[in-house]
Amino acid sequence: MAFKRDKKEEEDGGGNPFENIEKTSVLQEARAFNDTSVNPRKCTHILTKVLYLLNQGEQLGTTEATEVFFAMTKLFQSKDVVLRRMVYLGIRELSSIAEDVIIVTSSLTKDMTGNEALYRAAAIRALCSITDVTMLQAIERYMKQAIVDKNPAVSSAALVSSLHLARSAGELVKRWVNEAQEAFSSDNVMVQYHALGLMYHIRKTDRLAVIKLVTKLTKQSLKSPFAVCLLIRIACRLLEDEDGAPGADSTLLSFIESCLRHKTELVIYEAAHAMVNLRRTTAKELAPAVSVLQLFCSTSKPPLRFAAVRTLNQVAMSHPSAVTACNLDLENLITDSNRSIATLAITTLLKTGAESSVDRLMKQIASFVSEISDEFKIVVVQAIRALCTKFPRKHSVLMNFLSAMLRDEGGLDYKASIADTIITIIESNPEAKETGLAHLCEFIEDCEHTSLAVRILHLLGREGPKTKQPSRYIRFIYNRVILENAAVRGAAVAAMAQFGAQCPDLHENVQVLLARCQMDSDDEVRDRATYYYTILALKNRSLYNSYITESLQVSIPALERSLHQYTLNATETPFDMKSVPLAAVEPLVSEIVAQKAVPEGTIMSTPAPQRLGVSKEESALELVSSIPEIAALLPQLGPIFRSSEPVELTESETEYVVRCIKHCFARHLLLQFDVLNTLSDQLLENVRVSLEPAEGYRILREVPIPRLPYSESCSAFCLLEFPQDDLSASTGTFGATLAYMVKDCDPATGLPDSDEGYDDTYMVEDVEVTLADQVQRVWKGNWAAAWEEAANLCELEDTYALTSMRTLQEATTNIVQFLGLQPADRSERVPDGKSNHTLYLAGIFRGGHDVLVRAKLALADGVTMQLTVRASTPDVAELVTSAVG
Amino acid sequence: MGLLDKLVTLFGLRKQEVKVLVVGLNNSGKTTVLNHFKAEDDKSTEIVPTVGFNIEKFKNQNVGFTALDMSGQGRYRDLWEFYYKDCQGIIFVVDSSDRLRLAVVRHELDLLLQHPDVAGRALPILFLANKMDQRDALSSVKIAAGLGLDRILDKPWHICASNAVTGEGLEEGVTWFTQQVRQVGQPGNRPSRGGPLAAAK
């Protein structure tokens, strides 16, 4: 990038003319806009500077922006075309910062309906950027006219602006569908494309309408190739939706297939890309698409070659046999002068090729790996990762290559992806573990990225003690303590402690090193060293387990808050760790599915989904504390132990939509009912959900919704007490009815017609309380140790026949979901082709009872399961076994 | 300040450019008044409430006017003041049939006159008592009294009854206005302006 800029500057000779401008001086100059007679050339130049500043990320304050904006409005008096168009751009840039921007509405409407063609499209775009929902009605007429305008630029501008407006004023834009329809029949390719975009956007939420639109359009032949591409994408989205209408599917598929014979390359590629990426395409349907891509591989146009090889690369893992057919063409592309194409070709071959060709391809790639950009290096790394899982025996070649790459220069993303790959290899292939760890050790010797070093140290701490020769890692780790910054030193100390805890013969040495670390200059490092030193000095296995090998199980933000609360009230009693809500472990099953959805080897590295800093329980607590009736009871209830996912108690398109969230406390259950009123002519009052609780439950308090107007969603609450003596009665089904008082009201104003109302009820589905609602998932790093330790607790064992399950994986997934426990040691994944499997689960029952479950599964006619439960009380163990039965 | 300049100005050969502000309550006829001055083929056939402002240009007795037609709706009146500073004359349009809101007009006028960018400047103000054809229209004398125009001592002002739809009375008003603006624009009176010769070039 920097190189590019340098080059450009050289060509320009003078460099960037705007390089040294300053905000204050430009704002000063902008006062020239106020002169009685406008000098168009000068003002255009100043305006350019203002726009340049804004685009460089310079921030203008509201007053500054408003001042410039109003000065700019005076430029409307000039008839200069260039200046006027600059003013439009200025309006758009400043519209979000300045105040009272609606001042130019009339001036812009005049320009957009005027005779000057050069003004019209730009004026529409500027107008839509300054208009908010309340003002939109005033310009609606002009927008409708503009959409159907003869001039394609005007029509396109109006259509695209409508799309932008739809974000804030969806309802209003929906009324323009007829105009969009008319624009769609335009001869201009762009207008047709944009019109289709708007038409689709308006119907987007209504699946049936979209299907109707697509089926209608697939029968016509559209003039615009762009519109056809969009249509293909819409069709794909419909096909990907799971509950697709069966009749429409075949028409959609045949439409996409017919597009493979379109006369435009753009459309052909789009159709082929769509075909290979559809999750449900069969090998037969795939063949024509792949042959199209194959053809593209040998064209003279680089963009087409690139597109084809990139698509093949993406699907190489999902449809290896189809891609193998193109191997010959891909071989030719290895020597392509365009490095990006060559890289993609090689990595595709690596993914699909035979084991024997790996060495040759790796040599080829090594010859130019230093010339390609980081992004493509990541593609190479991902290909290698795929190779390793496919050919475990080749790991030494690949590992050497990876370690060579690690030594090269590269950004964090690139290095992280290499480290990730090595870690995956280590985890999936025990043979590669020692070499992999050795490479990583070498890497951290000279690693500039703190985050990576910390991760690798953590990994060494986890895996190192289990290797044959743990002592060799200690040197690498201790070197970090001497050489690195505080964060890495801290991680190194923690890693060493793992060795101390798990390798008795290293215990002495680790203690010596930790003692030295207590002299560190950083507080955190010193604290950690002291902490581990003290625990290790006690030589107590169970202490090691709970305080070194296992990580903290409570939710960190909750812990912080609880501690803060504790420091506020001066009490003599020590802080109780049990009172802190546990951290919810994200269900891994969904993660695996999510990973699969991302096509392998995409060029852009997809960012990992951001974990929310606040857990469900945290946000629930916040909500509940805001209800005075419940908040008063909170001190008795204790912290929220677990909040369930919302459960729909009605269909989503009924008069009232009711969802239920179950908040579980140590001895109480709080049901939160979110009620949405979808009837515009009704005002509901005193809305509550009347429950028929299962036996043993006691309703303590109900909080109704006092007033529920149209399209608003409010929450009613119901607090119950769990059955006290009989734990097995705590799972059950509650009959539920929505009860409320209806007042008819005027749909426009929302005011009730009279004060008289009548009582009514509405049946909703039953609320079910299951075992999973009362259990929090806990991740055990060392499940086996925990299981041994729990040997003296209550143990129950039972055997079940799960006849409805066809595969072990299906059974495993169901058990995990049903029990609501956290699988450990990756046991939720069943290796392919095995006929028996053992699932390890861990969790905590409300009230702080540990639960460990071992499920031995065997596949015969259906699945047979032997379930062993170890829990701290017999009641809990019994509940778990009975829940499965 | 050569003799030539004076001669040029005297004979009205040199074209003068002025910026004027057209204000008044909503529905008083500002846009219609300006529409009357536009060339025949530029005229809009339908007048809609202005949102914000519009810029119109017209000529009278060799003076080029750039008129800022401000929106009169209540919530946009605050925006007038952004344009006070660099205008050289104000046209204030009043709906003479709207007796009820005359008090509002007076209030808005007072605000305008007290504004630091207007007070103390000898800006000519033309009042148009518009819609004179309406049956219950007040006469211009009554409106002048109702607005307390006699209090304005430091600015030249003039009021005339008008009908913007037919154009009746507008010529009279604008003729006066043009003369006033031209006097203000005389070289002697505007020492801050650059040499007129430069402008003539």
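The values are calculated or read from the model by the stated rules, or taken from the named source; none is laboratory data. Quantities reported herein were computed from a predicted structural model and do not represent experimental measurements. Cβ: placed from backbone, ideal geometry, glycine included. Neighbour counts: every protein chain shown. Side chains included, ligands, DNA and RNA excluded: accessible areas come from the protein's heavy atoms. Shrake-Rupley method; radii C 1.70, N 1.55, O 1.52, S 1.80 Å.
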Counting only helical runs of four or more DSSP H residues, what would the 222 nm mean residue ellipticity of chain A come to if each run contributes -39,500 (n - 2.57) and the total is spread over all its residues? -16500 deg cm²/dmol
Just flag the trypsin sites (Lys or Arg not before Pro) in the range A:20-128 sitting in loop per DSSP whose Cβ has no more than 13 other Cβ atoms within 10 Å. A:LYS79
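Hey, any idea what the orientation-averaged projected area of the convex hull of the range A:324-482's Cα atoms comes to, in nm²?
Averaged projected area of the range A:324-482's Cα convex hull equals 9.1 nm².
Over the range A:772-883, what is the relative contact order in whole percent, taking alpha-carbon pairs under 8 Å and six or more residues apart?
Value for the range A:772-883: 35 percent.
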Send over a whole-number figure in Å² for the accessible area per residue of the range A:620-769, probe 1.4 Å. 49 Å²
Just how far, in whole angstrom, is the range A:701-728 from the range A:499-553 if you go by their alpha carbon centroids? 48 Å
Restrict the search to the range A:153-230; then list the chymotrypsin sites (Phe, Trp or Tyr not before Pro) that DSSP places in a loop and that have at most 16 other Cβ atoms within 10 Å of their Cβ. none
Compute accessible area for the range A:27-72 by itself and then with all protein chains, 1.4 Å probe, and report residues whose area falls by 20 Å² or more. A:ASN34, A:THR36, A:PHE70
Taking the Cα centre of the range A:620-769 as origin, work out the dipole magnitude from +1 charges on Lys and Arg Cβ and -1 charges on Asp and Glu Cβ, in debye rounded to 20. 820 debye
Positive-end residue of A:VAL488, A:SER451, A:PRO465, charge dipole of the range A:448-501 with Cβ unit charges: A:PRO465
Whole-percent carbon and sulfur contribution to the accessible surface of the range A:366-513 (1.4 Å, no ligands, DNA or RNA) stands at 51 percent
Count the net charge of all other residues whose Cβ sits under 12 Å from the Cβ of A:GLY464, scoring Lys and Arg as +1 and Asp and Glu as -1. +4
Proximal lysines relative to A:LYS377, as straight alpha-carbon distance under 17 Å, when same-chain residues fewer than 8 apart are discounted: A:LYS351, A:LYS363, A:LYS415
Loop sites in the range A:507-555: trypsin sites (Lys or Arg not before Pro), DSSP, at most 14 other Cβ within 10 Å: A:LYS539
Within straight-line cross-link reach of A:LYS301, aspartates and glutamates at Cα separation under 17 Å, skipping those fewer than 8 residues along the same chain: A:GLU265, A:GLU270, A:ASP329, A:ASP336
Given A:LEU720, A:CYS441, A:THR868, which one lies farthest toward the positive end of the charge dipole of the protein assembly as shown, if we put +1 on the Cβ of every Lys and Arg and -1 on the Cβ of every Asp and Glu? A:CYS441
For the range A:772-883, compute Rh as the Kirkwood radius over C-alpha pairs and then the Stokes-Einstein diffusion coefficient at 20 °C and 1.002 mPa s; write the answer in µm²/s, rounded to an integer. 153 µm²/s
Whole-Å semi-axes of the ellipsoid equivalent to the protein assembly as shown (Cα gyration tensor, √5λ, descending): 69, 40, 33
Using the Cα atoms as the points, what is the convex hull volume per residue of the range A:450-537 in Å³? 74 Å³
Under 22 Å Cα to Cα from A:LYS216, which lysines show up? Leave out anything in the same chain fewer than 8 places away. A:LYS174, A:LYS204, A:LYS263
Mind listing, in residue-number order, the residues in the range B:60-103 that have at least 30 Å² less accessible area with every protein chain present than in their own chain alone (1.4 Å probe)? B:TYR76, B:LEU79, B:PHE82, B:TYR83, B:ASP86
Suppose every K and R has +1 on its Cβ and every D and E has -1 on its Cβ; what is the size of the dipole of the protein assembly as shown about the Cα centre, in Debye to the nearest 20? 4100 debye
Going residue by residue through the range B:24-31, the Karplus relation 6.51 cos²θ - 1.76 cosθ + 1.60 with θ = phi - 60° gives ³J(HN,Hα) values, rounded to whole Hz and with x marking Gly or Pro, of x, 5, 5, 6, 9, x, 4, 5
Could you please state how large a percent of the accessible area of the range A:620-769 is carbon and sulfur, counting protein chains only and using a 1.4 Å probe? 47 percent
Intensity falloff of the range A:344-406 expressed as log10 I(q)/I(0), Debye formula with alpha-carbon point scatterers, at q = 0.14, 0.19, 0.22 Å⁻¹: -0.33, -0.62, -0.86
How high is the relative contact order of chain A, in percent, counting Cα pairs under 8 Å that sit 6 or more residues apart? 5 percent
Leaving out ligands and nucleic acids, note down the accessible area per residue over the range A:772-883 with a 1.4 angstrom probe, in whole Å². 43 Å²
With θ set to phi - 60° and the Karplus curve 6.51 cos²θ - 1.76 cosθ + 1.60, what are the ³J(HN,Hα) couplings of the range A:193-203 in order, to the nearest whole Hz, using x for Gly and Pro? 4, 5, 5, 4, x, 5, 4, 5, 4, 5, 8
Long-range HN-HN contacts of A:THR838 with modeled amide H, under 5 Å: A:LEU857
Rounded to the nearest 100 Å², what is the buried accessible area between A and B, both sides summed, probe 1.4 Å? 1800 Å²
In nanometres, what is the gap between the two model label sites at A:SER321 and A:GLU285, each 7 Å from Cα along Cα-to-Cβ? 1.7 nm
Step through the residues of the range A:293-304 one at a time and calculate ³J(HN,Hα) from phi using the Karplus curve (6.51 cos²θ - 1.76 cosθ + 1.60, θ = phi - 60°), rounding each to whole Hz and writing x for Gly and Pro. 4, 4, 4, 4, 4, 10, 7, 8, 8, x, x, 5
Please compute the Cα-Cα pair-distance distribution of the range A:620-769 with 10 Å bins starting at 0, giving whole percents from short to long. 11, 40, 32, 14, 3, 0
